[in-house]
Amino acid sequence: MKKTGTRNRMADMPVNKLMLSMGIPMIISMVLQAVYNIVDSAFVSNMKTGGEAALNALTLAFPLQILMVAVGIGTGVGANVLVAKCLGMKNGEQAGKAAGNAVFLAFVIYLIFLIFGITGTESYINSQTANPEIAEMGTDYVRICCVFSFGMSFFSVYEKLLQSTGNSVYSTIAQILGAVTNIILDPILIYGLLGLPEMGVVGAAYATVIGQTVSFIAALIFHLKVNIDISNSLSCFKPSLGTIRDIYMIGLPAIISQALISVMTYGLNIIFGGISEAMVTAYGLFYKIQQFLLFAAYGMRDAIMPITAFSCGTGNKDRLRDCVKYGQLYTAVIMLAGFAVIEILAVPFSGIFGLSGETRQLCIEAMRIISISFVFAGANIAYQGLFQAMEGGVQSLVISVCRQILFVFPFALIFANIGIEWLSWTVFPIAEILTFIIAAVMFKRLRCKKSF
């Protein structure tokens, strides 16, 4: 009788079907990551007083939130690929060690952000604004998100462990539970419903961390229940420098890739703030809307990686070729669909947050112009996943630096000095197109090297 376990599914199911069966839950899971910030923004923007200031405060908090997600998910990505590769090589002991060390690293990550939440949040927010009302709101929001970030840190790891064994549907369920919790609690805590006091931005922060904690608890339960191929013995949690090194050799490019988003948004907040506060608000809102599409592409990337890593472990070159083919195809479809949706619904989207006047017009312009970059962005994200799975961490890092730093800041500074506001949005299509050319050349060389 044919076995139906995870290993056979990863080895035998056609890549196109496997990528969809794993990718769709991952896409849903990643898209729900974007729900937290955009839902908070939608509710605080409609507060009776101070809505626009609160919206701006959450925009300033966004780079740090992205950094927190980057470190957690990047660590999880490293464990994801390493566990999948070890299972592909039928080395269950090393798979358990990789999982245990990833959980240990999640604890360390939480301690770092806990310390920053207590000591560094005020300086971080004040570096981006001189408005005392915005600074106070932003500091309160960021401090709570950092101090209670254990839910986010541990969920990021357990989510990827579930995905590494093909059980991505469980990670999606856990993510949905947290997102629903956040959505329910937001209006209750922000507006003071059901007899509770009106908490404003502070309420939005508590709703976020409670939702993250719910996701973590659910993912932990699912991991213990369904990841039977991964050992959970206490010895697996003992820190191993070799295993930690292996996790970050794979995961560091993912961390840097996501962290560079944080650096990019932080830097652009400062550059656009030199033009007007309306530019900062418009950019922040568009980026949160855009995150749904980018995170969908990241979800497909996260499906590409364990399948490709498993195929590398088994040495199956036919499946490797299919990973490249379908990974690029599916990611392109996601981003083309996103482009169409944004272009058609730019005006309604801008109205969700109660914007008016200059800020709303700038947000619409941002959607219409930046969305041109989506197809190239999707290809670049797919290339990053393929590089990471095939031990091409340096190439993945080059893509990240090019699309989020090297080709962004110089053009942003030039266009900001020209003084034509809409021109600043063209930075993003320029960066993605130039990066795509570089990524395609690097991947062609990697294919020649690995002969597949």
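So, ILE247, is that one of a type outside the set (D, E, K, R), buried (at least 22 other Cβ atoms within 10 Å of the Cβ), in a loop (DSSP other than H, G, I, E, B) and within 27 Å of the chain's Cα centre (by Cα) or not? Criteria not met by ILE247. For LEU194, are the conditions met, namely being of a type outside the set (Phe, Trp, Tyr), on the phi > 0 side of the Ramachandran plot and in contact with a helix residue (DSSP H, G or I) (Cβ under 7 Å, 6 or more places away or on another chain)? Yes; evaluated as a whole, the condition is true for this residue. In segment 222-245, the residues that are of a type in the set (A, V, I, L, M, F, W, C) reach residues that are surrounded by 12 or more Cβ atoms within 10 Å (Cβ to Cβ) and part of a loop (DSSP other than H, G, I, E, B) with C-beta atoms within less than 8 angstrom, at least six apart or across chains, in these pairs: PHE222/ASN167; LEU224/ASN232; VAL226/THR165; VAL226/ASN167; ILE230/THR165.
Kindly indicate whether any position in segment 318-331 is at pLDDT below 85 and assigned to a helix (DSSP H, G or I).
Taking segment 318-331 as the starting set, the residues that turn out to be at pLDDT below 85 are none.
For segment 318-331, residues at pLDDT below 85 and assigned to a helix (DSSP H, G or I): absent.
ALA346 meets all of the listed conditions (1) more than 15 Å from GLN291 (Cα to Cα); (2) at pLDDT below 90; (3) not basic (Lys, Arg) but one, namely (1). Before we move on, is LYS85 among the basic types (Lys, Arg), under 29 Å from LEU114 (Cα atoms) and surrounded by 24 or more Cβ atoms within 10 Å (Cβ to Cβ)? So LYS85 does not fit the description; no. Scanning segment 102-117 for residues that are farther than 15 Å from TYR248 by Cβ, aromatic (Phe, Trp, Tyr) and touching a helix residue (DSSP H, G or I) at 6+ places or on another chain (Cβ under 6 Å) yields a total of 3. Of the set (1) under 30 Å from ALA53 (Cα atoms); (2) crowded, with 23+ Cβ neighbours inside 10 Å; (3) out of contact with any Ser or Thr (no Cβ under 9 Å at 6 or more places or on another chain); (4) of a type in the set (A, V, I, L, M, F, W, C), all apply to PHE292 but (2).
Is it the case that SER400 is hydroxyl-bearing (Ser, Thr, Tyr), modelled with pLDDT under 95, closer than 30 Å to PHE349 by Cα and in contact with an Asp or Glu (Cβ under 6 Å, 6 or more places away or on another chain)? No, not satisfied. Of all residues in segment 57-73, none are farther than 24 Å from ILE256 by Cα and polar (S, T, N, Q). Pairs are defined by a Cβ separation below 7 Å, a sequence spacing of at least 6 or placement on different chains, a first member in segment 149-171 that is touching a residue at least 60 places away in the same chain (Cβ under 8 Å), and a second member that is among the basic types (Lys, Arg) and assigned to a helix (DSSP H, G or I); the pairs so defined are GLY166/ARG9.
The set of residues from segment 67-96 being over 19 Å from MET390 (Cβ atoms) and outside any helix (DSSP H, G or I) comprises just one member, LYS90.
When segment 122-176 is limited to residues that are of a type in the set (Asp, Glu) and surrounded by fewer than 24 Cβ atoms within 10 Å (Cβ to Cβ), the one that is farthest from PHE222 (Cα to Cα) turns out to be GLU133.
For segment 148-194: of the residues being small (Gly, Ala, Ser) and modelled with pLDDT of 90 or more, which is farthest from ILE28 (Cα to Cα)? Spell out how you get there, then give the answer.
Of all residues in segment 148-194, those small (Gly, Ala, Ser) come to 149, 151, 153, 156, 164, 166, 168, 171, 174, 178-179, 192.
Now narrow it down to the ones that are modelled with pLDDT of 90 or more: 149, 151, 153, 156, 174, 178, 192.
Values: SER149: 22, GLY151: 19, SER153: 19, SER156: 15, ALA174: 11, GLY178: 13, GLY192: 30 Å.
Residue satisfying both the conditions and the ranking: GLY192.
Scanning segment 427-445 for residues that are in contact (Cβ under 8 Å) with a residue 24 or more places away in the chain and either of a type in the set (S, T, N, Q) or more than 20 Å from ILE271 (Cβ to Cβ) (or both) yields ILE433, THR435, PHE436, ILE438, ALA439, ALA440, MET442, PHE443.
For MET47, the stated conditions do not hold, so it cannot be described as surrounded by fewer than 24 Cβ atoms within 10 Å (Cβ to Cβ), aliphatic (A, V, I, L, M) and farther than 30 Å from THR359 by Cβ.
Inside segment 438-452, can you point out the residues that are assigned to a helix (DSSP H, G or I), in contact with a helix residue (DSSP H, G or I) (Cβ under 9 Å, 6 or more places away or on another chain) and not basic (Lys, Arg)? Passing the criteria: ILE438, ALA439, ALA440, MET442, PHE443, LEU446.
So in segment 1-53, with the set limited to residues that are more than 23 Å from ALA179 (Cβ to Cβ) and hydrophobic (A, V, I, L, M, F, W, C), which one is modelled with the lowest pLDDT?
Keep residues of segment 1-53 that are more than 23 Å from ALA179 (Cβ to Cβ), which gives 1-19, 48-50, 52-53.
In the following step, the residues that additionally are hydrophobic (A, V, I, L, M, F, W, C) were identified as 1, 10-11, 13, 15, 18-19, 53.
Numbers: MET1: 38, MET10: 77, ALA11: 79, MET13: 89, VAL15: 92, LEU18: 91, MET19: 93, ALA53: 84.
Checking each candidate, the answer is MET1.
Screening VAL226 with (1) surrounded by fewer than 22 Cβ atoms within 10 Å (Cβ to Cβ); (2) under 22 Å from the mean Cα position of the chain (by Cα); (3) closer than 24 Å to MET19 by Cβ gives one miss only, at (2).
Keeping to segment 386-426, report how many residues are within 25 Å of VAL341 (Cα to Cα), touching a residue at least 12 places away in the same chain (Cβ under 8 Å), in a helix (DSSP H, G or I) and not charged (D, E, K, R). Lay out the reasoning, then the answer.
Step one: of segment 386-426, the residues within 25 Å of VAL341 (Cα to Cα) are 403-404, 408, 421-426.
Narrowing the set further to residues that are touching a residue at least 12 places away in the same chain (Cβ under 8 Å) leaves 403-404, 408, 421-422, 424-426.
Of the ones still in play, those that are also in a helix (DSSP H, G or I) are 403-404, 421-422, 424-426.
From what's left, not charged (D, E, K, R): 404, 422, 424-426.
Adding up the residues that qualify gives 5.
Please go through segment 337-369 and pick out each residue that is closer than 28 Å to PHE436 by Cα, in contact (Cβ under 8 Å) with a residue 60 or more places away in the chain and surrounded by fewer than 24 Cβ atoms within 10 Å (Cβ to Cβ). Let's see the steps before the verdict.
Here is the first cut: in segment 337-369, the residues closer than 28 Å to PHE436 by Cα are 337-346, 362-369.
From what's left, in contact (Cβ under 8 Å) with a residue 60 or more places away in the chain: 362-363, 365-367, 369.
Hits for segment 337-369 are GLU365, MET367, ILE369.
The values are calculated or read from the model by the stated rules, or taken from the named source; none is laboratory data. All figures in this text were calculated on a predicted structure; none of them were measured in a lab. Because the Cβ atoms are built from the backbone with ideal geometry, glycine has one as well, and the counts that use them run over all protein chains shown.
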